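*Asks:* Here it is: the structure, laid out below.
The values are calculated or read from the model by the stated rules, or taken from the named source; none is laboratory data. Please read all numbers here as calculations on a predicted model, not as lab measurements. Here the Cβ is made from the backbone with ideal geometry for all residues, glycine too, and neighbour counts use every protein chain on show. To get the accessible areas, we keep the full protein, side chains included, count just its heavy atoms, and leave off ligands, DNA and RNA. Shrake-Rupley method; radii C 1.70, N 1.55, O 1.52, S 1.80 Å.
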Amino acid sequence: MEEKNNLKEIAKLFLKIGIIGFGGPAVHIAMMQEEVVTKKKWISEQHFLDLIGATNLIPGPNSTEMAIHIGHEKAGWKGLIVAGLCFILPAVFITGIFAWFYKQYGQLPEVQPFIYGIKPAVISVILAAIYPLAKKSLKSPQLWIIGCLVLVLSLLGVNEVFLLFGAGLLAMLLYVIAKAKEQTMHLLIPVTLLQISDFNIISSKNLTLLLIFLKIGAILYGSGYILFAFLDTELVSTGLLTRQQLVDAIAVGQFTPGPVFSSVTFIGYQINGLSGAILSTIAIFLPSFAFVALLHPLMKKMRNSKPLSAFLDAVNLASVAIIAAVCYEMAKDSIAEWRTIVIVAVSLIFVFKFKRINSAFIVLGGGLLGYLLFKI
């Protein structure tokens, strides 16, 4: 009975975040932090930080992998599957509707006024989430130095994978120097190559989509925007998709809730209808479930090893610094004149002054305020 109740709680939570989680991975993680750490207290702030670090060490969409990690933590293998599916499916369903609309009419509905307000609002939600995480992760002077260094290098455009592993390795080196003795260290980072052979499928287009999106899901580090660079190479350059369709897919990924990777549903539908959409969606997300299932049991072992614990602390801090850098870049693009300044100011007052307000209402309120101000 307890397991059944846990699964219901997981399903309810991640369906909600999947439906109202506008703004990309940073805001999804902020919403999860508010729900599972602050409100429900399913996991500690430190362990939540560890999970953020873990998701950054493996390929795939970070917020989806966070949902899968949290589900596994709460209810084991069943929780892993339920959390992942409930977070992904609302975005896939909504994106599928837009894909059908686009295929029928060749254009998307007018949503710019709402995006105008949502973007500044999500910045305030992200800031409210990373503030306590940053305080928790800054445990020593060395970590302060590493965090500042990662933040500056991230703003300068250094690849986040190099920053994460570089921060972790630097922290391990500092730990060894501090101990002033020889140690043997083994860092186990699970990497798996997922292959599918002899897959009996009718359409050659579907087989092509399957292989392309399995590959991308298994090797892609970074944000959804890096995904679009891969898609340009794999699909536009080969003639499977037009550049205009890719641009429209990016737009759908931005203004729909849930993971940005749901844009793949839109793309699959344009290339080969419903079967292409379903197969592409499964292929892009499947590696994330496999990676989390492999990595999750190793987390406690990493935390129990002092050198690896130092590595994990630095990766956690680097993850927070990278999110802060993303927030800064979003602010540069989104806060351009008085209307957006008003939206972000009002949102910041609500998230810091009225902490019990659900972040979803902040985001939706920002969208509504953006719509009203856009008309002025």
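*Asks:* Just going by the charge dipole of segment 13-167, with Lys and Arg at +1 and Asp and Glu at -1 on Cβ, which of 68, 97, 117 is farthest out on the positive end?
*Replies:* The residue sitting farthest along the positive end of the dipole is 68.
*Asks:* Which of 334, 324, 308 sits farthest toward the positive end of the charge dipole of segment 280-369, with +1 on the Cβ of Lys and Arg and -1 on the Cβ of Asp and Glu?
*Replies:* Positive-end residue among those listed: 308.
*Asks:* At a 1.4 Å probe, what is the % contribution of carbon and sulfur to the accessible area of segment 231-351?
*Replies:* Roughly 66 percent of what the probe reaches on segment 231-351 is carbon or sulfur.
*Asks:* Can you bin segment 216-350 into rounded, prolate or oblate? Criterion: square roots of the alpha carbon gyration tensor eigenvalues sorted a ≥ b ≥ c, rounded for a/c under 1.5, prolate for a/b above b/c, oblate for the rest.
*Replies:* oblate
*Asks:* Can I ask one more? About the Cα centre of segment 248-366, how large is the charge dipole given +1 on each Lys and Arg Cβ and -1 on each Asp and Glu Cβ? Please answer in debye to the nearest 20.
*Replies:* It comes to approximately 660 debye.
*Asks:* Distances over 18 Å make up what percent of all Cα-Cα pairs in segment 287-376?
*Replies:* It works out to 66 percent of all Cα pairs.
*Asks:* Before I look further, what does segment 1-98 give for accessible area per residue, probe 1.4 Å, in whole square angstrom?
*Replies:* Solvent-accessible surface per residue comes out at 35 Å².
*Asks:* In whole angstrom, note down how far apart the Cα centers of segment 143-182 and segment 45-101 are.
*Replies:* What the calculation gives is 27 Å, centre to centre.
*Asks:* Please identify the chymotrypsin sites (Phe, Trp or Tyr not before Pro) of segment 267-376 that satisfy two criteria: DSSP loop assignment and at most 13 other Cβ atoms within 10 Å. Which are they?
*Replies:* 354
*Asks:* Here is a follow-up. Using Cα centres only, tell me the gap between segment 286-314 and segment 320-343 in whole Å.
*Replies:* What the calculation gives is 31 Å, centre to centre.
*Asks:* Roughly how many Å² of residue 160 are accessible to a 1.4 Å probe, to the nearest 10?
*Replies:* Counting only protein heavy atoms, residue 160 exposes about 50 Å² to solvent.
*Asks:* Within segment 1-77, what whole-number % of the accessible surface is contributed by carbon and sulfur, with the 1.4 Å probe and all protein chains included in the calculation?
*Replies:* Percent of accessible area from carbon and sulfur atoms in segment 1-77: 58.
*Asks:* Filter 332/353; 74/353; 136/300 down to the pairs with a C-alpha to C-alpha distance above 20 Å, please.
*Replies:* In this structure, 332/353; 74/353 exceed 20 Å between Cα atoms.
*Asks:* Taking only C-alpha pairs under 8 Å that are 6+ residues apart, what is the relative contact order of segment 237-322 in percent?
*Replies:* Computed value for segment 237-322: 15 percent relative contact order.
*Asks:* Could you do me a favour and compute the accessible area per residue for segment 263-360, 1.4 Å probe, result in Å²?
*Replies:* 42 Å²
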